[in-house]
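Novice: Got a structure for you, questions after.
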Amino acid sequence: MELEGILQFFENKTILVTGATGFLAKVFVEKILRVQPNVKRLYLLVRASNNESATQRFREEVIEKDIFRVLRNNLGANLESFIFERVTPIPGDISDENFGIKDSILIEEMWKEIDIVLNSAATTNFDERYDVALGINTYGALHVLNFAKKCIKLKVLLHVSTAYVSSEKGGNILESPLHMEDTPKGTTRLDINAEKEVAEEYLDRLRVQGATNEEITSTMKDLGIKRAKLYGWPNTYVYTKALGEMILGQFHQNLPLAIVRPTMVTSTYKEPFSGWIEGARTMDGVITAYGKGRLKIFLGHPNSILDVIPADMVVNSIIMAMVTHANKSSQIIFHVGSSLRNPMKLSSLSIFTFRYFTQNPWIDRNGKSINVPHPKIFSSIASFQAYMDIRYILPLKL
C-alpha cells in the first residue's frame, strides 16, 4: 500500500487512545499529528480525577516531552494551539465500565464520532498486584471492547498485547489466537471469572485481618506470580495480558479486531528522530548498569537471541494493521519483532555495548568518565559459580 493511501485513511478520522501517557501511545500520537494534521479528533484517555487535571497531565507528560521536538521546531509557539485543536484529553480509567466517564453528553458524542480505537493501556510491571493487573490488562481489555461496540462508525479496534503471551515456548511461534481455558501447561483448567473471585477473596481476607497497605501489596504481588506460574506463564504481566486476549477473542463477535504483539520495545529507530526513549525499559536497565560500571558479566548463552524492536517500528506496524484490517469482521494477530529477519545475539549485545561505552563513556556525578571492561559472558551456572568463587569468595576467605 502506498504511503499516500495510508495517510489518507486517517484524514478526518476520530481516534480514541487509551493509556495515552504511555510510551507507545506518545509515539503514536506524535506520529499521527505529524504526518496527518487533518485528523479530525484524538480522544486521549488519561487517568485523572477531572478535565483540568487530565489536560494538565497530558501537557506535562506528553506535549512537553522531547518526542515532540520535531513538531515543536516546525510549529514553534503554535504547537499547543495546533495540538488542542485536534486533541481532547478525557479523564478516565479502563478498569471501569465506560472508563468511568460521567459526562453523558460527551460519551454519546464519542460513540457517534469514533472511527478507530487503540487500546495501549497496560500495567507492564512483571510483579504487579494481581487485582490491579486483572483490572487493567484483563478486564480493562473487556471494557475497551464493550465501549468500542457502541461506536457506530467504528472501523477497527486495535489492541496492543505482547509477544510473550505465548509464554516460554521455543522455535517459531505462529500468530495464533489464545482460547479460553487454554494454558501453556495444558494441565490446569483456567477460568477467568474464577481468577477474579480468587483475587477478591484474598483482598477481603487481608482487609478483615487488618493488614497494612504494604502487607496487602506484597501478598497480592505474590499471588499474581503464583497464579501465573500455576498455569505456565512466567510473570503476572504476560499472564494477565494473555487473559485479556482470551476475553477479546471470545467476545469481539463481528467487530474488526486487530491484536499487535510486540517483543521487547526499545528506543526509536528513525521517527521522529533516532534514540528517543522514556525510562529504563526491558533490557535498558542491564545496559545502563554496564555503562555505569556496575555490571561486568552477562549470564546466558552467547547465541541466545534478544528480540528487540524499536518503538517507531511498532507504531508503524500498528498503523498498518489499522489500515489493512479496517471494516473486516474478524480477528487478526500480528507479531512484531526482529529475531526472524535480523536476530541480535547476546554476544552481539556485549560487543555493541562495549564499543558504545568505550566511545561514549558514562560520566559519573564527579564529572569523571567511567571505563568499562569487555563484558564476560557465562553460558552456564557452573561457569558463573566458578568465576564468583575465584573472583570474590576465595579472596574474601583469604
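Novice: List the trypsin sites (Lys or Arg not before Pro) within segment 215-283 that fall in a DSSP loop (any state other than H, G, I, E or B) and whose Cβ has at most 11 other Cβ atoms within 10 Å.
Specialist: Values: sites: K221, K226, R227, K229, K241, K270, R281; in loops: K270, R281.
Passing sites in segment 215-283 are K270.
Novice: If you don't mind, there's one more thing I want to ask. Starting at the first residue of segment 276-286, write each ³J(HN,Hα) from the Karplus equation 6.51 cos²θ - 1.76 cosθ + 1.60 with θ = phi - 60°, in whole Hz, x for Gly and Pro.
Specialist: So the Karplus estimates, Gly and Pro as x, are 6, 8, 9, x, 9, 10, 6, 8, 4, x, 5 Hz.
Novice: Let me ask something else about it. Let me know the Rg and Dmax you get for segment 36-181 when you use only its Cα atoms, in Å.
Specialist: For segment 36-181, the Cα-based Rg and Dmax read 17.6, 54 Å.
Novice: Of the accessible area of segment 229-335, with the probe set at 1.4 angstrom, what percent is carbon plus sulfur?
Specialist: Percent of accessible area from carbon and sulfur atoms in segment 229-335: 54.
Novice: Follow-up. Using 0.36 nm per residue of separation minus the Cα-Cα distance, give me the extension gain between M320 and N371 in nm, one decimal.
Specialist: Numbers: separation 51, 0.36 × 51 = 18.36 nm, distance 4.32 nm.
14.0 nm is the gain from fully extending M320 to N371.
Novice: Another question, then. Whenever you get a sec, compute what percent of the accessible area on segment 103-192 sits on carbon and sulfur atoms (1.4 Å probe).
Specialist: Working: 2070 of 4090 Å².
Taking all protein chains in place, segment 103-192 shows 51 percent carbon and sulfur surface.
Novice: Over the chain, one equal point on each Cα, no solvent: what is log10 I(q)/I(0) by the Debye formula at q = 0.12 Å⁻¹?
Specialist: Log10 of I(q)/I(0), two decimals: -1.07.
Novice: To test your reading of the geometry: what angle, between 0 and 90 degrees and rounded to tens, separates the Cα axis of helix 346-359 from the longest principal axis of the chain?
Specialist: Between the helix axis and the principal axis of the chain, the angle is about 90 degrees.
Novice: Tell me whether segment 96-253 comes out rounded, prolate or oblate; compute the Cα gyration tensor, take square roots of the eigenvalues as a ≥ b ≥ c, and use a/c under 1.5 as the rounded threshold.
Specialist: It comes out oblate by the Cα gyration axes.
Novice: At 0.36 nm per residue, and after removing the present C-alpha to C-alpha distance, how many nm does the segment from V70 to N254 gain when stretched out fully?
Specialist: 62.3 nm
Novice: Using θ = phi - 60° and the Karplus relation 6.51 cos²θ - 1.76 cosθ + 1.60, list the HN-Hα couplings for segment 239-250 in order, rounded to whole Hz, with x at every Gly or Pro.
Specialist: Result, ordered by residue: 5, 6, 5, 5, 4, x, 4, 4, 5, 4, x, 6 Hz.
Novice: Tell me the volume per residue, in Å³, of the convex hull enclosing the alpha carbons of segment 225-296. Walk me through the intermediate numbers first.
Specialist: Values: hull volume 10.2 nm³, N = 72.
Spread over its residues, the Cα hull of segment 225-296 gives 142 Å³ apiece.
Novice: Something else: Ranked from the most accessible area to the least, with a 1.4 Å probe and all protein chains present, what is the order of E168, E128, E11, E245?
Specialist: Values: E168 145, E128 30, E11 85, E245 5 Å².
Reading off the accessible areas and sorting them downward yields E168, E11, E128, E245.
Novice: By how many degrees, 0 to 90 and rounded to 10, does the Cα axis of helix 311-325 deviate from the longest principal axis of the chain?
Specialist: Orientation of helix 311-325: about 40 degrees from the principal axis.
Novice: Over the chain, average the accessible area per residue using a 1.4 Å probe and give it in Å², no decimals.
Specialist: 50
Novice: In terms of modelled amide H atoms, which long-range or inter-chain residues lie less than 5 Å from the amide H of M344?
Specialist: L306, V308
Novice: Check which residues have an amide H placed less than 5 Å from I333's amide H, if you skip close sequence neighbours.
Specialist: HN-HN under 5 Å from I333: I259.
Novice: Okay, moving on. Any chance you could check the Cα centroid distance between segment 1-16 and segment 332-398 for me, in angstrom?
Specialist: 42
The values are calculated or read from the model by the stated rules, or taken from the named source; none is laboratory data. These numbers come from a predicted model, not from an experiment. With ideal geometry, Cβ positions are generated from the backbone for all residues, glycine too; neighbour counts draw on all protein chains shown. The area values use the complete protein model at the heavy-atom level, side chains included, leaving out ligands, DNA and RNA. Shrake-Rupley method; radii C 1.70, N 1.55, O 1.52, S 1.80 Å.
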